[in-house]
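The values are calculated or read from the model by the stated rules, or taken from the named source; none is laboratory data. Here the structure is a predicted model, which means the values were calculated and not measured. Every residue, glycine as well, gets a Cβ built from its backbone with ideal geometry; the counts of neighbours run over all protein chains shown.
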Amino acid sequence: MDTRPTILHRIKQLKTAQVGGKRAPHKPLLILLALAQYQQGRHIVRFADIEQPLTQLLRCWAPPIKSAPNPTKPWWHLKSDGFWDIHDLEKLGSEQTIKAYRQSTASFSPDVRHWLDTDDSALTSIAWLVLQENFFESTWDDVLTQCELDIPAPFALNSSPSYTAKGIQDSASVAKRYRASHFRRDVLKAYDYRCAVSDFQLSIGGVAIGCEAAHVRAHSFEGPDSVDNGLALEPTLHQLYDRGIWTLTDDCRVLVSQEFSGSGSALERIRALHGQPIRNPMPGQPKPNIEHIRWHREAKLGGVFRGPALPL
């Protein structure tokens, strides 16, 4: 029996934690770290080995909290998703101490291990689906680098079948999981190839460069490939938006988070944007949809903005 569609369905249905009302990628990060260990030949994962890197990843990618991130949570709770086997489950369940966790080992469930052992594409397929379901596309490279996971670009997957809860898709269907080809063209044209926040624009030989088409609501979280869900942004502001450093008010003014630090010039530049209105798109083009803006900004809707914002 082909278990691949079932395994990928489990990833899509992964029950992610809520921290302060915000979606928290604790389990996805643990899966990626475990895949990295698997890639390095370590099929049994020791909590003591991943405690520090997982804690650091949680500081970077999970919603900010006053206390230190707790890597024991995903280690314990991932088992409920049918993806993870804790080898000393009974002992750990009775003690639940950090000392017990540091003596604990785990591995992927038997069907996941079988797929990883018998199909060279399994690790890549699992990793990219975890990324697509839980992180903005512009952050994928950073997540992979921090997890020390080495896999090919996702577009390479378009040449081979993809597995979903409904079964095998052909390569044409796989491509639909990525942003539509017209999205970049339409969004950049709508904003006259200028950054909607900074007005940044460069061109070489009459061809505009230096701006990217960003989704207001992430493509991986059902954000449509439409102009009213797009912003033309210079790459740095695109990355900071996807990381929740800034967001928008309902009337399209910039809100900057209090929860970041950096060099004096960087802080000055980004904080100077706070409260400023973004540029409107060209006449006849739609402004960003308020519902998409609110998704990014508001925790209860699943947003990634790392509030609170600076005072207006």
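For this structure, a couple of remarks:
- Inter-residue pairs, beta-carbon under 9 Å, first farther than 22 Å from LYS66 by Cβ and in the stretch 257-277, second basic (Lys, Arg), 6+ apart: HIS274/ARG253; GLY275/ARG253; GLN276/ARG253; PRO277/ARG253
- Residue match in the stretch 59-73 (condition: in contact with a Leu (Cβ under 7 Å, 6 or more places away or on another chain), aliphatic (A, V, I, L, M) and in the same structural domain as HIS26 (by TED's automatic domain parsing)): no
- Test: LEU144 is more than 30 Å from ASN289 (Cα to Cα), of a type in the set (A, V, I, L, M), in a loop (DSSP other than H, G, I, E, B) and at pLDDT 75 or above: no
- The residue that is modelled with the lowest pLDDT, among those in the stretch 1-29 that are of a type in the set (A, V, I, L, M, F, W, C) and touching a strand residue (DSSP E or B) at 6+ places or on another chain (Cβ under 6 Å), is ALA17.
- First in the stretch 48-72 and among the charged types (D, E, K, R), second anywhere and in a loop (DSSP other than H, G, I, E, B), Cβ under 9 Å, 6 or more apart: ASP49/ARG42; GLU51/PRO71; ARG59/ALA68; ARG59/PRO69
- Taken over the stretch 286-304, the criterion of being at pLDDT below 95 and of a type in the set (Val, Ile, Thr) is satisfied by VAL304 alone.
Residues are listed down the side, and each one gets a yes or a no for (1) in contact with a Gly (Cβ under 7 Å, 6 or more places away or on another chain); (2) modelled with pLDDT under 95:
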site: ILE209; (1), (2): no, yes
site: GLU212; (1), (2): no, yes
site: PHE221; (1), (2): yes, yes
site: PRO224; (1), (2): no, yes
site: GLY230; (1), (2): no, no
site: LEU237; (1), (2): no, no
site: ASP242; (1), (2): no, yes
site: TRP246; (1), (2): no, no
site: THR249; (1), (2): no, no
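- A single entry from ILE44, ILE11, ILE86 fulfils the requirement of being out of contact with any Phe, Trp or Tyr (no Cβ under 7 Å at 6 or more places or on another chain) and free of Cβ contacts under 8 Å to residues at least 40 places away in the same chain: ILE86.
- The set of residues in the stretch 264-294 that are touching a Lys or Arg at 6+ places or on another chain (Cβ under 9 Å) and assigned to a loop (DSSP other than H, G, I, E, B) comprises HIS274, GLY275, GLN276, ILE278, ARG279, ASN280, PRO281, MET282, GLN285, ASN289.
- The combined condition, being β-branched (Val, Ile, Thr), under 18 Å from VAL130 (Cβ atoms) and surrounded by fewer than 22 Cβ atoms within 10 Å (Cβ to Cβ), is not fulfilled by THR118.
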